1. Can you run the Rg to Rh ratio on segment 177-326? Use alpha carbon positions and the Kirkwood inverse-distance Rh.
2. Can you order the peptides 312-323, 35-46 by their average number of other Cβ atoms within 10 Å per residue, highest first?
3. For the chain, what does the accessible surface come to per residue with a 1.4 Å probe? Please give it in Å².
4. With Cβ to Cβ distances under 15 Å as the rule, what net charge do the other residues near Asp148 carry (K, R +1; D, E -1)?
5. Take every Cα-Cα pair in segment 131-189 and report what % of them are more than 20 Å apart.
6. Two decimals, Cα atoms only, Kirkwood Rh: what is Rg/Rh over segment 290-332?
7. Angle check, please: helix 2-19 long axis (alpha carbons) against the longest principal axis of the chain (alpha carbons), in degrees 0 to 90, nearest 10.
8. Report Ser98's accessible area, 1.4 Å probe, all protein chains in place, as a number in Å² to the nearest 10.
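The values are calculated or read from the model by the stated rules, or taken from the named source; none is laboratory data. Since we're looking at a predicted model, the values are computed, not measured. For neighbour counting, all protein chains shown are included, and Cβ atoms are generated from backbone atoms with ideal geometry for every residue, glycine included. Please note that ligands, DNA and RNA were not included when accessible areas were found on the heavy atoms of the full protein model with its side chains. Shrake-Rupley method; radii C 1.70, N 1.55, O 1.52, S 1.80 Å.
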Amino acid sequence: MKKLLASAIFAFGAYALAGSAHAADCGSVSIAEMNWASAGVAAQVDKIILQNGYGCNVTLVTGDTQPTFASMNEKGQPDVAPELWVNAVRTALDKAVSEGRLIVAAPLLSDGGVEGWWIPKFLADAHPDIKTVQDALKHPELFPAPEDPSKGAVYDCPAGWNCQISTTNLYKALGAEKLGFTLVDTGSAAGLDGSIANAFEKKTGWLGYYWAPTAILGKYEMVRLSFNVPHDKKDWDACTSQQDCANPKVNSYPVSDVYTVVTKDFAAKAGIAMDYMKTRKWDNGTVGKVLAWMTDNQGTNEDGAKYFLKTYPDMWTKWVAPDVATKIKASL
């Protein structure tokens with residue numbers, strides 16, 4: 001995949017140079033607005049920048065990882081998937097890149113999509129000896145379970161989520177029950193989020209699964225703990241991620257590659273706007289803060305995009321030429 005990504009980015013640069021003379025003729029561009037918040041905001045940011053900065057006529061289309069990728073691969077539409085979690089479609093994407101149908105522009109999330117077990121930063125600051133999950137499991141008294149405070153709690157994902165399987169298997173592999181912990185079923189996404197909010201309100205310990213970028217981690221400062229072992233993909237695929245794995249081993253969560261993917265036709269027609277596409281990236285911390293603002297203000301994806309552009313000009317103005325930045329600022 002890395003070799004293909006490198007060749008894709010090289011080809012991508014060639015398309016950008018070839019089309020740079022036609023920036024004014026950007027034409028119609030379709031962008032997938034995926035059905036989760038960070039990707040939805042990214043699509044709206046792209047719309048504002050391409051439309052107001054480069055004169056493109058942008059249409060947003062509802063998307064999701066598998067159907068959007070399939071449509072781009074088979075039909076050449078939509079033109080752009082701003083936030084594609086490529087682990088879910090890696091084999092097919094490799095083939096599409098090698099055969100010239102799709103081009104991998106650049107990583108959208110500079111630090112990738114991350115999962116893991118987290119603790120509040122205020123707890124990490126108070127207990128600097130806790131660097132790993134194993135360190136945390138030495139202190140059940142710091143993470144009192146809601147139903148039985150004499151035990152420590154590890155907060156699990158809701159039933160039906162893939163992360164419930166991995167969290168349960170890692171809980172077993174770590175021998176957490178013998179160390180005085182219980183696995184807490186949070187019941188729903190709201191229950192999981194609520195457990196974190198409650199811990200911060202009461203300034204009590206919290207240990208469990210979460211992922212980034214998310215609104216919760218944008219609002220509440222958390223520290224991701226190491227599992228003290230490298231990610232073992234073979235064992236992850238065969239056991240850690242599988243229901244009822246008989247003998248789970250301690251493993252680390254994979255970092256998800258999150259890229260912007262465009263069609264060959266878009267790369268050829270978009271001209272200098274492609275320079276933007278191959279430069280544009282943001283970090284999980286920034287995305288989380290934007291999502292937290294949206295949650296607090298009941299903002300839409302478009303609201304979040306405008307908030308980002310107004311609040312973080314030092315970041316996004318590096319993605320575009322000064323004259324383009326001036327046009328975008330004027331549109332806000």
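1. Rg/Rh for segment 177-326 comes to 1.06.
2. Taking the mean over residues of other Cβ atoms within 10 Å, the ranking is 35-46, 312-323.
3. Accessible surface, normalised per residue, equals 45 Å².
4. Local net charge: -3.
5. Considering segment 131-189, 22 percent of its Cα-Cα pairs are separated by more than 20 Å.
6. Over the Cα atoms of segment 290-332, Rg/Rh equals 1.04.
7. Long axis of 2-19 versus the principal axis of the chain: about 30 degrees.
8. 80
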